[in-house]
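Input: a single structure, listed below in structure tokens.
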Amino acid sequence: MNCQEIELKFGVIGVCTNLRKILQSIGKVENEHVDNLTNIYFDTNKRDFYEMQAGLRIRKANDYTEQTLKIRGSNIAGVHVRNEYNVRIDENAKKPDLSLFPLDAFPDGTDLAQLQKKLRKDCELDFTRHSYDFRFGEALFEVSYDRGGILYEGGKYPINELEVELKEASLSEEELLDAFLSLVKALDEKGIALTLEPFSKMHKAAVLLRNERNQIRLPDSGPHNVSEFLIGLIIMFEKMIGLLMVKQNPAVLGYISYTLKAINKALKELKRELKMAFPSEQIKPLLKEIKDLRAILMHMYKYMHALEGEFLNVAFAIDEHEIASTVEVLRAKIGKTKLYMLPLRIRVLLNKIAAAYEK
């Protein structure tokens, strides 16, 4: 019933029609499922679950119906880690039954009976999922391709994404990130056109429905701790990209440009610290990775800085079609430059640097 969900999400450019063949070429496919899924999300008028940073849904699949409670956890360089509670229920159930979840899943003092009475439908997601149990290296993953849409009062927002969820492995955090990055690189080399898709389906729905979670928070750490500062910048970068993709607000581009420039400068400082602490030959692979990352960052900074003015002109013209087209061009650019690997690559880099200092 209770499990920890550890997964990585990406957007897909175009339609992914050969995923099974690609997976078979780089690992072992052990199972395949095709499901037509409907996710119905619930909350109260006072948004109690939103305030708990939790998601509540009923999922209807081909051969089962279940209710799920997801509790917000951590985000390790784009790898989402959170607690999830799943309970099979009758296919005719109209609302989740909160009493079926363990009491300790809710904050202390929660009145489940009152919360149950206030539940209402928030939005609905319909999509087709092609999923595969996939062995890669020492880990078993579930790789899923989802295509469909979020149905809400304002219309329909497309879903076209790839999820990689860890199902089985005895790995440390460092080994886990290495495994995810190796898999993503292998998928990229086989021609799957990926891009950034930082927000979960539930998060996207929350932004679309309420125009919330729109706050921009700068990292708390300063340059005195470059690693922590970098992690804070990566978190900010992912939030800004997520908001841009969903809300298509050109003002967000300015924050993204700033963040890319700040990440580049932080990596430059990291390089300086490394060269002071170690002989260059000893850390040659780390210096090369920093150089490669900085080249991508500066290229994308210049691109987004130039795009900002163009995007604003389109926005002032109130041409929604052109705005959407501009966002799609940016999504494709992120895929082409491999910027979608940035969060993982930086976190892996920081782990390797930490290991070098420990030796």
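How big is the charge dipole of region 219-359 about its Cα centre, in debye rounded to the nearest 20, if each Lys and Arg gets +1 on its Cβ and each Asp and Glu gets -1 on its Cβ?
So the magnitude is around 740 debye.
Could you state how much accessible area Arg20 has, in square angstrom rounded to the nearest 10, with a 1.4 Å probe and all protein chains kept in place?
90 Å²
Going by a ≥ b ≥ c, the root eigenvalues of the Cα gyration tensor, does region 75-168 fall in the rounded group (a/c under 1.5), the prolate group (a/b larger than b/c) or the oblate group?
Oblate shape, in that a/c is at least 1.5 and b/c is the bigger or equal ratio.
Could you order Leu125, Leu287, Leu151 by accessible surface area, starting with the largest, using a probe radius of 1.4 Å? The partial results should precede the final answer.
Values: Leu125 0, Leu287 30, Leu151 65 Å².
Putting Leu125, Leu287, Leu151 in descending order of accessible area: Leu151, Leu287, Leu125.
Give me the number: length gained by fully extending Leu151 to Ser172, i.e. 0.36 nm times residue separation minus the C-alpha to C-alpha distance, one decimal in nm.
Additional length available on full extension: 3.7 nm.
What nm value, rounded to one decimal, do you get for the distance between Asn249 and Lys265 when each label is placed 7 Å out toward the C-beta?
Here the answer is 2.4 nm between the modelled labels.
Give me the distance in nm between label points sitting 7 Å out from Cα along the Cα-to-Cβ direction at Lys359 and Thr337, one decimal.
Computed distance between label sites Lys359 and Thr337 equals 3.2 nm.
Would you calculate, for the chain, the mean residue ellipticity at 222 nm contributed by helices, counting each DSSP H stretch of 4 or more residues as -39,500 (n - 2.57) and dividing by all residues, to the nearest 500?
-15000 deg cm²/dmol
In the neighborhood of Asp126, defined by Cβ-to-Cβ distances under 15 Å, what is the net charge if each Lys or Arg adds +1 and each Asp or Glu adds -1?
+4
Please calculate the 1.4 Å probe accessible area of Glu189, with all protein chains present, and give it to the nearest 10 Å².
Rounded to the nearest 10, the figure is 150 Å².
Might you tell me the accessible area per residue for the chain, computed with a 1.4 Å probe and given in Å²?
On a per-residue basis, 49 Å².
Taking 7 Å along the Cα-to-C-beta vector as the label spot, tell me the Glu66-Lys117 distance in nanometres, rounded to one decimal.
3.1 nm
List, in order, the whole-Hz ³J(HN,Hα) value for each residue of region 27-32 obtained from phi through the Karplus relation with A = 6.51, B = -1.76, C = 1.60 and θ = phi - 60°; use x for Gly and Pro.
x, 10, 8, 9, 7, 9
As I understand it, the dipole of the chain uses +1 on the Cβ of Lys and Arg and -1 on the Cβ of Asp and Glu, about the Cα centre. Which of Ala93, Ala356, Leu37 lies farthest toward its positive end?
The residue sitting farthest along the positive end of the dipole is Ala356.
Calculate the dipole size of the chain relative to its Cα centre from +1 charges on Lys and Arg beta carbons and -1 charges on Asp and Glu beta carbons; express the result in debye to the nearest 20.
In debye, rounded to 20, the chain gives about 1040.
Place a point 7 Å from Cα of Arg20 in the direction of its Cβ. Which residues in region 132-169 have their backbone N less than 11 Å from it?
Those under the cut-off are 132.
Determine how large the accessible area of Lys121 is when every protein chain is in place; take a 1.4 Å probe and give Å² rounded to the nearest 10.
Solvent-accessible area, nearest 10 Å²: 110 Å².
For region 101-156, what class follows from the C-alpha gyration tensor (a ≥ b ≥ c being the square roots of its eigenvalues): rounded when a/c is under 1.5, otherwise prolate if a/b is larger than b/c, else oblate?
Here region 101-156 falls in the oblate category.
Given the pairs Lys284/Lys359; Lys265/Lys291; Lys156/Lys204; Lys284/Lys333; Lys167/Lys239, which span a C-alpha to C-alpha distance of over 18 angstrom in this model?
On the way: Lys284/Lys359 16 Å; Lys265/Lys291 12 Å; Lys156/Lys204 12 Å; Lys284/Lys333 29 Å; Lys167/Lys239 26 Å.
Going by Cα-Cα distance, Lys284/Lys333; Lys167/Lys239 fall outside the 18 Å limit.
Quick check on the chain: take the gyration tensor over C-alpha atoms, sort the square-rooted eigenvalues as a ≥ b ≥ c, and tell me if it's rounded (a/c under 1.5), prolate or oblate.
Since a/c reaches 1.5 and a/b is larger than b/c, the shape of the chain is classed as prolate.
For an R0 of 45 angstrom, estimate the FRET efficiency from the Cβ-Cβ distance between Arg272 and Glu310 and round to the nearest 0.05.
It comes to 0.80.
The values are calculated or read from the model by the stated rules, or taken from the named source; none is laboratory data. Because the structure is a prediction, the values reported are computed rather than measured. Please note: Cβ atoms are built from the backbone with ideal geometry, for glycine as well, and neighbour counts cover all protein chains shown. Keep in mind that these areas ignore ligands, DNA and RNA; they rest on the heavy atoms of the full protein, side chains included. Shrake-Rupley method; radii C 1.70, N 1.55, O 1.52, S 1.80 Å.
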